[in-house]
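Only one structure is covered here, and it is reproduced in the block below.
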Amino acid sequence: METQQKVPGTQSTEYWLAVADIFSQAVTGELIGMANFASLTDIIQDTEEMIEAVEHAYSERGHAIGFLAMARKYELKVNINLQGTYWKGIRESFLRWAGKKDYAACILIQEIMLESFAVSMYQEVGQAMNGEIGELFLQISQEEESHLHHSIEFLRVALEQDPKGFEQKVYEVHQDCMTILSELAGKSDARGHCGVCYGDCVKHSLHHVGLDIVSLRGHALNLYMKSLDKIGIPGEKSLQWIASLPV
Amino acid sequence: MDFALIGHQECWENINRFMQALRGEEAKKISLDEIKEIYPWIPPRTVFRVKVTSLYSRKQIKGVYIDSFIPPDHLKPAFLRSNLHRVQEAAAYASREKAKIAALGGFTSIVLEGNILALQTDTYPVFTTGNTLTVAFICKGVERACQYKGVNPRQASLLIIGSTGDIGSGCLHYFAKKFQKILLCAQHSVSLNTQREAISSVAENVMASTNANDLIPLADIIICAASVGTPQFDLSKSRSNVIVCDAGYPKNIDFSPALNKSPYLFYGGMGRVQGGIESEPDLPKAFYQHPLPHIVHGCLLEAIVLALEERYEPYSSGRGNIRVEKIEEIYRLAQKHHIVLAPFFNAQGLLSDA
């Protein structure tokens, strides 16, 4: 994919190309989140929870719009591709569990797995980048964190009600979705080009913005494991699951 | 939960085996470089659950091993803050497991400078550094090695490397009156001189140096208990028949037999649970390369002994507080439950006295 990016300020072309790709990944991820929350309305019976899911979808929409507006301000071209290899796989995984009307599994994917990655990655990006772009990522990271906390109590109760059964479910959802997320954040492109970044994948040019994929992935997995701890998944189980992920 | 054992791995080779075992035999092996990119991000957590049976009371107690996931190359002062945070997280994990008592193995107690009260909460668990039983196993091991090799302590010189540390000073208290000459080595000269002056009132012949190489040639017996991230001392200038107890974690001695003069070197501070230890999942065999099963570091065993005795108390705490009476007491309690001095071994396997 060829592109011409306007290069504002004193940063290098490579810097802004990496920033554009980061925005592309962030906006695509937010739109996947928006679609996921919207899909939840089909399987929720409780009216208040349904309203909450719509509010969350609206919140993800707001994040996507915020990222897009900031990218446009800096004249960065954002590539939105919900059919990109990894994001499409994550959406399909969510829809499989939604098709089974498994609300807890859907919450695990959207609010634990995806949000763990969003919170930690936005935070690192925010800390690495100066000015209003960094501030925006930090602000959205904080908002996503509230989604993460919101779901933990619900999932903890579900685990207490059926420890063995729920633990097995978390494992199956982990295998289904975290494998794809782990590949998305892996050092190599296990499934080929992501279909979102321009040219080569941004994970190979993150050093231009003071980041690296090992640290981004590490922080995300760290937060994910801590979230599983808070739900009550035994540490030795989540350890084994994480150790078995593709690298 | 009766007890928790908090620890860390001493080298990447162990971690490599451990991570491959976690992935299972069917999974694709990952390289050590890839492991080094994953391991440091893992938050402290329970790695396996254990059951220990006392052959004395037939009582079975349950516990967990919690790894702090401190990478071996972070075992140095530059990482003090992050290591401290990890120990606090591991302690919180022990609390989450509702362990009644928790031992702090290896560097996890060192980063606290013995101040385990900083971890104490209103509820679970009570913390112990476990250093008293480690000292007991070191001292009893040295005595046994002397007996085996026909060394009379009254005519021999004992060198303690890391003498001002909690374990080193515990060994000094135990041996101060038993050897003809005491040689002390520690990194910081002020505390070393203070220690030398204090012990001179009890021991007749005391020498001290911050340089181990000055003292190694003078020693008949060497106890290594220094807090070092990697092996730092070599025995190329040691006496040919020297007895060496390397109780460091990570190990202190750069042990390359080709360079040395066949020392009698064993890894000290270790005990063996004769009643056996059951682990679920069975990971210890993947990362502990001991020549016999059920061998565990003394510091961790101290929590097990105290749990078997239902004595949930900070038996070892602070720095420099280990005295002979408590060494003898914890050793006697361990023996009672058939937790005994481990057979002598080193990297090459069991030794002839094993």
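Testing B:LEU301 on (1) modelled with pLDDT of 90 or more; (2) open to solvent by 10 Å² or more (accessible area, probe 1.4 Å); (3) not aromatic (Phe, Trp, Tyr), one condition comes back false. Which one is that?
The single condition B:LEU301 does not satisfy is (2).
Condition check: of a type in the set (D, E, K, R), within 25 Å of A:PHE37 (Cα to Cα) and modelled with pLDDT of 95 or more. Does A:GLU167 satisfy that?
In short, yes.
Residues of the stretch A:129-142 being assigned to a helix (DSSP H, G or I) and surrounded by fewer than 18 Cβ atoms within 10 Å (Cβ to Cβ), which ones?
Going through the stretch A:129-142, the residues assigned to a helix (DSSP H, G or I) turn out to be A:131-142.
Within the stretch A:129-142, A:GLY131, A:GLU132, A:GLY134, A:GLU135, A:LEU138, A:GLN139, A:GLN142 qualify.
On the basis of being within 23 Å of A:ILE90 (Cα to Cα), buried (at least 20 other Cβ atoms within 10 Å of the Cβ) and among the basic types (Lys, Arg), does A:LYS169 make the cut? Outline the logic, then answer.
On the way: within 23 Å of A:ILE90 (Cα to Cα): yes; buried (at least 20 other Cβ atoms within 10 Å of the Cβ): no; among the basic types (Lys, Arg): yes.
For A:LYS169, the condition - within 23 Å of A:ILE90 (Cα to Cα), buried (at least 20 other Cβ atoms within 10 Å of the Cβ) and among the basic types (Lys, Arg) - is not met.
Picking from B:LYS28, B:LYS100, which residue would you name as being more than 11 Å from chain A (Cβ to nearest Cβ) and of a type in the set (Lys, Arg)?
Details: B:LYS28 fails: more than 11 Å from chain A (Cβ to nearest Cβ).
Just one listed residue meets the conditions, B:LYS100.
For the stretch B:33-72, give me the residue count where each residue is farther than 27 Å from B:HIS294 by Cα and either surrounded by fewer than 17 Cβ atoms within 10 Å (Cβ to Cβ) or more than 9 Å from chain A (Cβ to nearest Cβ) (or both).
3
Can you confirm whether the stretch A:165-183 contains a residue that is within 14 Å of chain B (Cβ to nearest Cβ) and touching an Asp or Glu at 6+ places or on another chain (Cβ under 9 Å)?
Yes, that holds for at least one residue.
Among residues belonging to the stretch A:190-212 that are at negative phi and of a type in the set (Gly, Ala, Ser), point out the one that is nearest to the other protein chains (Cβ to nearest Cβ).
A:ALA190
Name the single residue, out of those in the stretch B:65-118 being modelled with pLDDT of 90 or more and among the β-branched types (Val, Ile, Thr), that is nearest to B:TYR39 (Cα to Cα).
B:ILE70
Can you name the number of the only condition in (1) outside any helix (DSSP H, G or I); (2) within 25 Å of A:GLN123 (Cβ to Cβ); (3) touching a residue at least 60 places away in the same chain (Cβ under 8 Å) that A:VAL78 fails?
A:VAL78 satisfies every listed condition except (3).
Hey, can you tell me all the residues within the stretch B:6-25 that are open to solvent by 10 Å² or more (accessible area, probe 1.4 Å), touching a helix residue (DSSP H, G or I) at 6+ places or on another chain (Cβ under 9 Å) and within 13 Å of chain A (Cβ to nearest Cβ)?
As a first pass, look at the stretch B:6-25 and keep what is open to solvent by 10 Å² or more (accessible area, probe 1.4 Å): B:10-14, B:16-17, B:20-21, B:23-25.
Retained after the next criterion (residues that are touching a helix residue (DSSP H, G or I) at 6+ places or on another chain (Cβ under 9 Å)): B:10-14, B:16-17, B:20-21, B:23-24.
The answer is B:ASN16, B:ARG17, B:GLN20, B:ALA21, B:ARG23, B:GLY24.
Taking the stretch A:232-247 only, how many residues are touching a residue at least 12 places away in the same chain (Cβ under 8 Å) and assigned to a loop (DSSP other than H, G, I, E, B)?
Restricting attention to the stretch A:232-247, the residues satisfying the condition of being touching a residue at least 12 places away in the same chain (Cβ under 8 Å) are A:232-234, A:237-239, A:241-242, A:245-247.
Those still in the list that are assigned to a loop (DSSP other than H, G, I, E, B) too: A:232-234, A:245-247.
Residues that pass the stated criteria total 6.
Given the criterion touching a residue at least 12 places away in the same chain (Cβ under 8 Å) and either part of a helix (DSSP H, G or I) or open to solvent by 60 Å² or more (accessible area, probe 1.4 Å) (or both), identify the matching residue among B:LYS285, B:LYS326. First the steps, then the outcome.
Details: B:LYS285 fails: touching a residue at least 12 places away in the same chain (Cβ under 8 Å).
Step by step, each of B:LYS285, B:LYS326 is checked, and only B:LYS326 is touching a residue at least 12 places away in the same chain (Cβ under 8 Å) and either part of a helix (DSSP H, G or I) or open to solvent by 60 Å² or more (accessible area, probe 1.4 Å) (or both).
Does the stretch B:33-57 hold any residues that are among the charged types (D, E, K, R) and within 27 Å of B:SER95 (Cα to Cα), and which are they?
Taking the stretch B:33-57 and keeping what is among the charged types (D, E, K, R), we get B:33-34, B:36-37, B:45, B:49, B:51.
Selection gives B:ARG45, B:ARG49, B:LYS51.
Residues checked against (1) in contact with a Cys (Cβ under 8 Å, 6 or more places away or on another chain); (2) modelled with pLDDT of 95 or more; (3) in a loop (DSSP other than H, G, I, E, B):
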residue	(1), (2), (3)
A:HIS63	no, yes, no
A:ILE90	yes, yes, no
A:ILE109	yes, yes, no
A:SER120	no, no, no
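Of (1) under 15 Å from A:ALA26 (Cβ atoms); (2) without any contact (Cβ under 8 Å) to a residue 40 or more places away in the chain; (3) of a type in the set (Gly, Ala, Ser), A:GLY99 satisfies all except one. Which?
Against the list (1) under 15 Å from A:ALA26 (Cβ atoms); (2) without any contact (Cβ under 8 Å) to a residue 40 or more places away in the chain; (3) of a type in the set (Gly, Ala, Ser), A:GLY99 comes up short only on (1).
For the stretch A:213-247, which residues satisfy the criterion of being open to solvent by 30 Å² or more (accessible area, probe 1.4 Å) and more than 10 Å from every other protein chain (Cβ to nearest Cβ)?
Once the filter is applied, which keeps residues that are open to solvent by 30 Å² or more (accessible area, probe 1.4 Å) and more than 10 Å from every other protein chain (Cβ to nearest Cβ), the stretch A:213-247 yields nothing.
Taking the stretch B:329-344 as the search range and keeping residues that are assigned to a loop (DSSP other than H, G, I, E, B) and open to solvent by 10 Å² or more (accessible area, probe 1.4 Å), which one is farthest from B:GLY269 (Cα to Cα)?
Restricting attention to the stretch B:329-344, the residues satisfying the condition of being assigned to a loop (DSSP other than H, G, I, E, B) are B:337-338, B:342-344.
Next, only the ones that are open to solvent by 10 Å² or more (accessible area, probe 1.4 Å) stay: B:338, B:343.
On the way: B:HIS338: 16, B:PRO343: 11 Å.
So, considering only residues that are assigned to a loop (DSSP other than H, G, I, E, B) and open to solvent by 10 Å² or more (accessible area, probe 1.4 Å), the one farthest from B:GLY269 (Cα to Cα) is B:HIS338.
The values are calculated or read from the model by the stated rules, or taken from the named source; none is laboratory data. None of the values given here were measured: they were computed from a predicted structure. Heads up, the Cβs are rebuilt from the backbone with ideal geometry, glycines too, and the neighbour counts pull from every protein chain shown. These accessible areas exclude ligands, DNA and RNA; they are computed on the full protein's heavy atoms, side chains included. Shrake-Rupley method; radii C 1.70, N 1.55, O 1.52, S 1.80 Å.
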